[in-house]
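First comes the structure, then the notes that go with it.
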Amino acid sequence: MNKLNGILEYFVEQKGILRLFVRVLDLNSEVKQNQISVLLLEDSAFATHLLHQTLQLGFKESNIVVATKLEGVCNAFESKILKIDKDNLFARLILEFKYAEKGVINALCALDFIKNNGLNVGDSILWHIPESEIMLFLDNKNLQS
């Protein structure tokens with residue numbers, strides 16, 4: 001499970017669907033750099049007391065889309081490949097991402113993608129996590145009004 005921390009900057013709501021905009025934090029710095037958006041099936045009452053609070057986001061390695069070109073999508077980032085683990089069908093990529101827990105993101109992709117693009121450790125790759133594939137982890141103190 002990939003995890004990162006951020007501050008809920010603002011949200012928009014329509015008919016029980018929330019779109020959260022979270023400023024992703026580098027755990028070693030408070031620099032305002034990246035934003036990630038998250039879709040939730042909740043109403044605004046759920047998110048109102050979470051505004052400007054630290055949240056933990058998570059997503060599965062199998063839900064990440066990796067590509068050599070990405071345009072026009074939110075939640076898209078560029079990372080350096082730190083490690084490639086291969087089996088007969090898939091490759092697990094360890095990607096540098098300073099905003100993630102332990103500074104890395106794990107992504108699972110087809111082995112053919114690695115071979116067809118001639119990707120190696122040290123190369124840069126683009127990755128995208130769809131808004132609907134991100135989970136929000138809350139502890140009890142965040143749930144209290």
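The values are calculated or read from the model by the stated rules, or taken from the named source; none is laboratory data. No experiment lies behind these values; they were computed from the predicted model shown. When we count neighbours, we look across all protein chains shown, and the Cβ atoms used for this are built from the backbone with ideal geometry, even at glycine. The accessibility values were calculated without ligands, DNA or RNA, using every heavy atom of the protein model including side chains. Shrake-Rupley method; radii C 1.70, N 1.55, O 1.52, S 1.80 Å.
Relative to the Cα centre, the charge distribution of the chain, modelled as +1 at Lys and Arg Cβ and -1 at Asp and Glu Cβ, gives a dipole magnitude of about 220 debye.
Working note: Karplus 6.51/-1.76/1.60 with θ = phi - 60° gives segment 78-95 the couplings 10, 9, 8, 6, 8, 7, 10, 9, 10, 10, 6, 10, 10, 10, 9, 9, 9, 10 Hz, where Gly and Pro are set to x. Note on segment 41-99: with neighbouring protein chains present and a 1.4 Å probe, carbon and sulfur make up 48 percent of its accessible heavy-atom surface. Comparing 76, 47, 134 along the charge dipole axis of the chain, the residue lying farthest to the positive side is 76, per the Cβ-charge model. Computed with a 1.4 Å probe over protein heavy atoms only, the accessible surface of the chain comes to 57 Å² per residue. Each label point was placed 7 Å from the Cα along the Cα-to-Cβ direction; for residue 70 and residue 89 their separation is 2.4 nm. Between (1) 12, 43, 35, 10, 0; (2) 11, 32, 24, 20, 11, 2, 0; (3) 11, 40, 31, 14, 4, 0, which entry matches P(r) over Cα pairs in 10 Å bins from 0, in percent as derived from the coordinates of this structure? Comparing each candidate, only (3) matches the computed number.
For the chain: lysine pairs with Cα atoms under 12 Å, gap of 8 or more or different chains, count?
On the way: 3/60; 3/98; 3/102; 80/98; 86/115.
For the chain, qualifying lysine pairs total 5.
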